[in-house]
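Read-outs: derived from the displayed coordinates by stated rules, not from any lab. Keep in mind that what you see is a predicted model, and the values were worked out from it rather than measured. A quick note on method: Cβ atoms are made from the backbone with ideal geometry, for glycine too, and the neighbour counts reach across all protein chains shown.
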Amino acid sequence: MPLMNQMMGKIRTMQKPDTRHHLPFTAPLIVAACLLAGCYELTRFKQERYECAFNQQGLVEIDFREFEVGGETTVIFRDETVMMPIIQASDESFSLAGDGLIIRVDRSSGTVRITRGTRYRNVKCVKSKFKI
C-alpha cells in the first residue's frame, strides 16, 4: 500500500491551461476578423466590360467604371470612341443615351440593344468583371 501511495503522488494529472495568458492576443484577433468579414464591399476599383463580336453597328466594346445614373461610360465603335451618360442603372440592366443613339445592356445575358432612330439591333457581347 505505501508503494501505491508513492506512485499516486507521482502521477501527473492534466492541468487546465491558463487562458488569461492568451486573452490579450486572442481578443484583437477576433475583433479584426469580424471587421474584415464585414468589408466585402470595400473596393477601390470596379469595372464591367462588354466585348462584342463583329456586328453591323460597329460596336466593339462598352466599358463601365461608373455604375450610377449620370456617370460616364466609354463606348468603343470601330471608327470612334464615345463617352455616353448612364440614364438608367439597376442590377439587371444599364441604359445609355446620346447623339440619337440609345444603348441598353442586359447585365445577366450580355446582350446589348443599339437603337438609332426607329431601328434597333441586338448584339451578343461577352461580359467580364474586374474588382480590386
Would you please state which residues of segment 64-88 a label at residue 54 would reach in this model, taking the label point 7 Å out along Cα→Cβ and a backbone N cut-off of under 17 Å? 77-79
Computed on Cα atoms, the radius of gyration and Dmax of segment 46-131 in angstrom are 11.6, 37
In nm, spacing of pseudo-spin labels at residue 63 and residue 129 (7 Å Cα→C-beta vector): 2.0 nm
